[in-house]
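FYI, it's all coordinate maths here, none of it is from the lab. Quick caveat: nothing in here was measured; it's all calculated off a predicted structure. Please note: Cβ atoms are built from the backbone with ideal geometry, for glycine as well, and neighbour counts cover all protein chains shown.
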Amino acid sequence: MATIELRQVEKKFGDLHAVKPMDLTVHDGEFVVLLGPSGCGKTTTLRMISGLESVTGGQILIDGRDVTWAHPSERNIAFVFQFFALYPHMTAWQNIAFPLQSQGESRAAVKQRVAEVASLLRINHLLHLRPGALSGGDKQRVALARALVRHPAAFLMDEPIGALDADARETMRAEIKRLHLLEHATTVYVTHDQVEAMAMGDRIVVMSEALVQQIGTPAEVYHKPANLFVARFIGSPGMNLVTGHYANGVVHLSENSRYLLSPEWNQALQRELGGEGKVILGFRSEAGVIVEDGPLAAEVFTSDLHGAYNMLNLSLNDDLVHIRVPRGIRYPMGATVRFNIDAEMVRFFNPRTEAAITRRVR
Amino acid sequence: MATTQAISGGQSRRRRQLSDAALLRLFIFPTLILIILMNIFPLFYSLYLSFTDYSAITRQAPNWVGFKNYSDLLSDKQMWIYFANSGRYALLSVGLQTLVGFGLALLLNEKFKGSGFLTTLILVPMMLSPAVVGLFWKLIYHPSSGIFNYIVTFGHPTAIPDILASPKLALWGIIIVDVWMWSPFVMLLCLSGLGAIPDYIYEAAAIDRASWWRQFWRITLPQVAPLLMIAVLFRTIEAFKAFDVVMPMTAGGPGEATELIALNLYRQAFGGQWRTGRASALAYIILIIVIGISNVYIRFLNKIRGD
């Protein structure tokens with residue numbers, strides 16, 4: 001297995017940046033997810049790593065070797081395509097055997113290796129079929145087998161389960177994660193689905209508008225988003241964001257909502273905003289706690305039953321705020337609810353720069 | 001007001017009378033009648049005539065002679081020479097067309113500046129009238145004034161014999177013309193086949209470390225094969241029917257060097273004694289051969305398609 005290193009890699013189409021200069025190191029055996037909305041440059045980044053797309057600038061290193069201008073075949077990587085990209089005129093067996101035959105393996109070795117991979121993915125019974133006769137999930141299993149069969153240095157996966165239906169997606173997600181663990185394979189995985197990214201990634205690279213927004217573990221991007229985009233994009237629902245006014249250790253959100261800051265936060269906001277100013281307060285839906293004498297007040301907009309819990313949608317100022325509450329408690333529409341925020345889980349953002357405000361001085 | 005009502009009423013009644021089914025019949029019947037008159041009837045009438053001694057210029061009714069025409073034809077050594085000519089012509093001409101056409105398609109599949117214009121230009125021969133093509137290639141092959149000998153000998157046209165007058169080269173002369181005229185057709189079908197191969201297959205092949213050669217043999221060729229086979233099938237059928245280009249060029253000569261079976265068929269039917277019965281039998285023999293070859297192709301086609 002291998003490490004992958006991107007140094008100031010960028011891609012331009014004409015004057016337009018598809019990927020702005022980015023740095024990324026994928027460690028040996030790591031599962032890194034490139035996450036972002038469509039058109040953010042994540043797939044272009046993956047294709048540049050694979051060599052299917054040339055770079056406009058920067059360097060790509062695989063295991064310390066500069067492969068920036070190497071042909072895909074010289075990078076010892078495997079690529080799993082969103083729409084499988086199986087060879088339609090070959091059987092599943094021939095598809096899986098193709099990379100081995102291309103590098104001139106002996107007949108016996110090919111046979112044995114294909115059988116191994118097929119049983120790992122439990123597709124032995126499908127090997128005589130052509131792609132046209134396979135279901136979406138099975139097509140992707142064959143595509144994964146074709147990727148695995150050669151023991152490549154790294155796996156690059158471009159939304160491999162994006163084209164599958166919901167059931168198959170759940171199953172394949174688990175299978176890919178299991179394969180990653182079994183093979184200890186360095187993997188770069190592209191998706192636009194943040195749930196998928198959180199579930200699978202060791203680290204997540206959040207991208208938007210050709211730019212890397214944040215690189216971190218799932219917990220980091222969830223709890224400590226670097227900016228407003230990440231805060232909104234990660235989580236379902238995204239982070240609650242309410243605009244308020246900071247002055248003298250207090251953030252005024254509305255007439256009867258005043259959030260009292262801890263000394264560290266007060267210091268941080270003081271430094272960032274210089275005395276007083278507009279600030280955006282953020283918290284996850286599970287960080288809100290309903291308490292009778294809570295410092296914040298909001299009006300019940302609607303309340304949704306989510307099975308295990310209720311999601312309370314409150315309107316505060318002009319913003320909708322989501323708070324997770326135990327099920328069984330009814331909140332009539334229009335009622336005023338008072339709540340507090342778990343002090344450890346509150347976040348602040350500078351509305352001008354959209355960046356997160358941090359507590360500790362570096 | 002009353003008149004407009006009457007008109008619109010009349011129109012709607014007429015529209016009601018013309019049901020969908022009637023409209024359908026109105027379109028189909030004229031075509032059907034034409035097909036029956038021009039295709040189906042001659043087909044069966046000539047089958048009947050092939051068992052008679054009928055001649056279209058005598059005023060005698062056809063006499064039933066059974067399989068005599070067929071047995072005469074098949075035991076006639078001359079006929080086998082013509083069949084062999086046609087076979088050689090079909091094999092060489094279709095083979096070369098396939099190679100040249102596929103080669104051109106591979107080149108033109110790479111988009112470059114002016115490739116669209118070039119494609120159109122290459123298609124021109126296919127659109128010309130065969131009789132005209134035959135006539136002007138006769139001029140091109142002319143031993144002293146023709147451009148062909150001049151070019152292939154680098155300016156010494158008399159260094160090689162008159163192509164169309166040479167018993168050895170005449171068949172090649174008409175093969176070259178057929179290849180010139182119909183390679184574009186093979187190219188056209190191959191181009192559409194090549195265009196239908198999605199890019200991602202080649203991306204996958206690049207990732208799978210397949211060499212250019214291997215991509216060609218394992219991906220390009222199998223993907224284009226069905227269309228290539230259709231082109232070959234069409235051209236083979238045409239090769240056995242080749243007449244219109246050859247007639248003005250060589251009329252079968254010199255000697256019998258370019259006497260293709262279809263040329264001889266014409267000669268028997270409309271030359272000398274107008275042996276209509278015998279010519280009909282020959283036409284049926286050619287038809288059976290063509291159907292036989294087509295079946296082999298189609299079976300092969302289905303096999304590579306994997307149904």
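Please give the FRET efficiency for residue A:359 paired with residue A:54, using the beta carbon to beta carbon distance and R0 = 45 Å, rounded to the nearest 0.05.
According to the calculation, E is roughly 0.55.
Provide the gained length on full extension for the span residue A:315 to residue A:167, in nm with one decimal, where the gain is 0.36 nm per separating residue minus the Cα-Cα distance. Please report the intermediate quantities before stating the final value.
Numbers: separation 148, 0.36 × 148 = 53.28 nm, distance 3.51 nm.
That pair, residue A:315 and residue A:167, stretches by 49.8 nm at full extension.
Between beta-carbons, use under 13 Å as the cut-off and find the net charge around residue B:205, counting Lys and Arg +1, Asp and Glu -1. All intermediate terms of the calculation are to be shown ahead of the outcome.
Numbers: positive: A:146, B:209, B:214, B:218; negative: B:199, B:203, B:208.
Summing Lys/Arg as +1 and Asp/Glu as -1 gives +1.
Mind giving me the nanometre distance, one decimal, between the label points for residue B:32 and residue A:336, set 7 Å out from Cα along Cα→Cβ?
Label-label distance for residue B:32 and residue A:336, simple model: 8.5 nm.
Please go through the residue pairs A:111/A:177; A:12/B:113; A:42/A:278 and name each one whose alpha carbons sit more than 30 Å apart in this structure.
Beyond 30 Å: A:42/A:278.
State, as an integer percentage, the relative contact order of chain B based on alpha-carbon contacts under 8 Å between residues 6 or more apart. Could you put the intermediate results ahead of the total?
On the way: 306 pairs, mean separation 84.1, N = 307.
After rounding, I find 27 percent.
With the calculation restricted to Cα positions, what are the radius of gyration and Dmax of segment B:135-273 in angstrom?
20.8, 69
Among residues other than residue A:306 whose Cβ falls under 14 Å from its Cβ, what is the net charge (Lys/Arg +1, Asp/Glu -1)? Write down the numbers at each step before the final one.
On the way: positive: A:324, A:327; negative: A:286, A:304.
Local net charge: 0.
With axes computed from alpha carbons, what is the tilt in degrees of helix A:166-183 against the longest principal axis of chain A, rounded to the nearest 10 within 0 to 90?
Result, in degrees: 70.
Mind checking the mean number of beta-carbon atoms from other chains within 10 Å of the Cβ atoms in A:48-58? Please list the in-between numbers first.
Numbers: counts 0, 0, 3, 3, 7, 1, 0, 0, 0, 0, 0.
Mean partner shielding for this stretch: 1.
Taking H as built 1.01 Å from N, whose amide H comes closer than 5 Å to the amide H of residue A:189, not counting residues under 5 places away?
Here the answer is A:32, A:33, A:34, A:157, since their amide H atoms fall under 5 Å of that of residue A:189.
Give me the angle, in degrees from 0 to 90, between the Cα long axis of helix A:92-102 and the longest principal axis of the Cα atoms of chain A, rounded to the nearest 10.
Once rounded, the angle reads 70 degrees.
Send over the per residue convex hull volume for the protein assembly as shown, Cα only, as a whole number of Å³. Write down the numbers at each step before the final one.
Working: hull volume 228.6 nm³, N = 669.
Convex hull volume per residue, Cα atoms: 342 Å³.
Using only the C-alpha atoms of chain B, find the volume of their convex hull and express it per residue in Å³.
Values: hull volume 88.9 nm³, N = 307.
Looking at chain B, the number lands at 290 Å³ per residue.
Go from 0 up to the bin containing the longest alpha carbon distance in segment A:79-182, width 10 Å each, and give me the % of pairs per bin.
For segment A:79-182, the pair-distance distribution reads 16, 52, 29, 3.
Looking only at other chains, what is the average number of their beta-carbon atoms within 10 angstrom of each beta-carbon in A:89-98?
Working: counts 11, 4, 1, 0, 0, 1, 2, 0, 0, 8.
Taking all residues of A:89-98 together, the mean is 3.
Give the calculated FRET efficiency between residue B:160 and residue A:182 to the nearest 0.05, with a Förster radius of 56 Å applied to their Cβ-Cβ distance. Walk me through the intermediate numbers first.
On the way: r = 72 Å, r/R0 = 1.28.
Computed FRET efficiency for residue B:160 and residue A:182 comes out at 0.20.
Once you have all Cα-Cα distances for segment A:282-334, histogram them in 5 Å bins from zero and send the whole-percent values.
5, 20, 32, 30, 11, 2
Considering every Cα-Cα pair within segment B:207-305, what fraction, in whole percent, is farther apart than 17 Å? Walk me through the numbers on the way to the answer.
Numbers: 3148 of 4851 pairs.
Cα-Cα pairs of segment B:207-305 separated by over 17 Å account for 65 percent.
What Rg and what Dmax come out for segment A:4-232 when only alpha-carbon atoms are used, in angstroms?
In Å, with Rg to one decimal and Dmax whole: 17.6, 56.
Mind putting together the pair-distance distribution for segment A:237-357? All Cα pairs, 5 Å bins, whole percent per bin, short to long.
P(r) over segment A:237-357, rounded to whole percents: 2, 11, 22, 25, 18, 11, 6, 3, 1.
If you take the beta carbon distance between residue B:237 and residue B:63 as r and set R0 to 25 Å, what does 1/(1 + (r/R0)^6) give as a FRET efficiency, to the nearest 0.05? Mind showing how you got there, number by number?
On the way: r = 33 Å, r/R0 = 1.31.
It comes out at approximately 0.15.
When only Cα pairs under 8 Å and 6 or more residues apart are kept, what is the percent relative contact order across segment A:265-362? Walk me through the numbers on the way to the answer.
Values: 172 pairs, mean separation 36.2, N = 98.
Across segment A:265-362, relative contact order equals 37 percent.
Could you work out the relative contact order of segment A:1-78, using alpha carbon pairs under 8 angstrom and six or more residues apart, expressed as a whole percent?
Normalised by residue count, the contact order of segment A:1-78 is 34 percent.
Sum up the charges of everything whose Cβ sits under 14 Å from the Cβ of residue B:168, counting Lys and Arg as +1 and Asp and Glu as -1, but leave residue B:168 out. If you can, show how the numbers build up before the last one.
Numbers: positive: B:88; negative: B:162, B:256.
Net charge in that neighbourhood comes out at -1.
Given a cut-off of 18 Å, what percent of all Cα-Cα pairs of segment A:130-252 lie beyond it?
Values: 4555 of 7503 pairs.
When all Cα pairs of segment A:130-252 are counted, 61 percent exceed 18 Å.
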